[in-house]
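Participant: Before anything else, here's the structure in question.
The values are calculated or read from the model by the stated rules, or taken from the named source; none is laboratory data. Please read all numbers here as calculations on a predicted model, not as lab measurements. No Cβ is skipped: glycine too gets one built from the backbone with ideal geometry, and neighbour counts run over all protein chains shown.
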Amino acid sequence: MNLSSNVIDGEIPNDFSQLHSLEVLDLSNNRLRGGIPRGLGSLPNLQVFIISGNSIGGFFPNNLCNAPRLRTIISNNNQLIGDIYFLQIRHKILMPFHYMAKKMHF
């Protein structure tokens, strides 16, 4: 689902966690703020999660590693903090994992 550059304002709705066939969620270059909903970790087919170019803050939810097919997160130009080693360890064994974030604080 490509919702990039749509001037979407507000928080990422947890309703996305009900879209079980969702493979790609691109929310880049909007006006999103708040945190990443924990429910996204329940998406069994999510492979790519892009939130770059927003004002999303807080920590990455640890349960994102529960999304078994997730292999790409692009989150640069946000205010995220914490680490994502849990994702790298979980997915390094299963498949290549790509992560891009210029504004992560470790």
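Participant: What are the residues in segment 26-48 that are within 13 Å of the chain's Cα centre (by Cα) and part of a loop (DSSP other than H, G, I, E, B), if any?
Facilitator: Result: Leu27, Ser28, Gly35, Ile36, Pro37, Leu43, Leu46, Gln47.
Participant: For segment 72-95: of the residues being assigned to a loop (DSSP other than H, G, I, E, B) and modelled with pLDDT of 75 or more, which is nearest to the chain's Cα centre (by Cα)?
Facilitator: Ser75
Participant: Within segment 20-27, identify whether any single residue is among the acidic types (Asp, Glu) and surrounded by 15 or more Cβ atoms within 10 Å (Cβ to Cβ), and answer yes or no.
Facilitator: Yes, segment 20-27 contains a residue that is among the acidic types (Asp, Glu) and surrounded by 15 or more Cβ atoms within 10 Å (Cβ to Cβ).
Participant: Which condition breaks for Arg33 when tested against (1) surrounded by 14 or more Cβ atoms within 10 Å (Cβ to Cβ); (2) touching a His at 6+ places or on another chain (Cβ under 8 Å); (3) not acidic (Asp, Glu)?
Facilitator: Here Arg33 meets the rest and fails (2).
Participant: Where the second residue is among the basic types (Lys, Arg) and surrounded by fewer than 19 Cβ atoms within 10 Å (Cβ to Cβ) and the first is in contact (Cβ under 8 Å) with a residue 40 or more places away in the chain and lies in segment 10-36, which pairs have Cβ atoms under 8 Å and are six or more apart or on separate chains?
Facilitator: Hits for this filter: Glu23/Arg69.
One line per residue, one yes/no per condition, for (1) free of Cβ contacts under 8 Å to residues at least 40 places away in the same chain; (2) surrounded by 16 or more Cβ atoms within 10 Å (Cβ to Cβ):
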{"site": "Leu40", "(1), (2)": "yes, yes"}
{"site": "Leu43", "(1), (2)": "yes, yes"}
{"site": "Gln47", "(1), (2)": "yes, yes"}
{"site": "Gly57", "(1), (2)": "yes, no"}
{"site": "Ile74", "(1), (2)": "no, yes"}
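Participant: Right, next: Going through segment 19-44 one residue at a time, which ones are modelled with pLDDT of 95 or more and of a type in the set (S, T, N, Q)?
Facilitator: Ser21, Ser28, Asn29, Asn30
Participant: Another question, if that's okay. Among the residues in segment 56-71, are any modelled with pLDDT of 95 or more and polar (S, T, N, Q)?
Facilitator: No, every residue in segment 56-71 fails to be modelled with pLDDT of 95 or more and polar (S, T, N, Q).
Participant: Do we have Asn6 as modelled with pLDDT of 90 or more, surrounded by fewer than 13 Cβ atoms within 10 Å (Cβ to Cβ) and more than 13 Å from the chain's Cα centre (by Cα) here?
Facilitator: Yes; evaluated as a whole, the condition is true for this residue.
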